[in-house]
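Written out below as structure tokens is the structure these notes cover.
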């Protein structure tokens, strides 16, 4: 049995129209929401063995803020280009490639891929707002066994809850 957290990055700043999408930072709300969600996770005893994030600035910042609050060192945060603009299937492929020694993993990325990944994994379709965190139990012994329908949606938390 594995636990997978799927996280949509926190709210990003659209203030500079010349900035490439990949380089957009978090806005003030995003900078507040990510640590707040981290504190909620910490209160529930969540401690991912690894956080894997998109290389986009807004996703990396979200992942680092969550990691800091959860007491997870930078050596347990991995950046992957494959998560930037990934489809739901692409996100699940990243999860399927995780090291089997990891029992709890967190992926930080973008919509619509994150919402699609939740639906494909659990059969439950949820439109994730920014900084939403979804907890899924995955009934597999090896991450490589993770396929459509092997997950159970345990919780959805958003900054507005």
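What follows is calculated from the coordinates using simple rules that are stated; it is not laboratory data. Bear in mind the structure is a predicted one, so any value in this text is a computation, not a measurement. Neighbour counts run over all protein chains shown; Cβ positions are idealised from the backbone, glycine included.
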So residue 74, is it free of Cβ contacts under 8 Å to residues at least 24 places away in the same chain and more than 15 Å from the chain's Cα centre (by Cα): yes
Residue hits (the range 1-37; in a loop (DSSP other than H, G, I, E, B) and buried (at least 16 other Cβ atoms within 10 Å of the Cβ)) are 9, 10, 11, 13, 24, 25, 27
Assess whether residue 85 counts as being free of Cβ contacts under 8 Å to residues at least 40 places away in the same chain, touching a helix residue (DSSP H, G or I) at 6+ places or on another chain (Cβ under 9 Å) and assigned to a loop (DSSP other than H, G, I, E, B). yes
Those residues of the range 95-142 which are crowded, with 20+ Cβ neighbours inside 10 Å and closer than 22 Å to residue 74 by Cβ amount to 95, 98, 105, 106, 107, 108, 109, 110, 131, 133
If you go through the range 124-161, how many residues are under 14 Å from the mean Cα position of the chain (by Cα), over 17 Å from residue 113 (Cβ atoms) and outside any loop (DSSP other than H, G, I, E, B)? 3
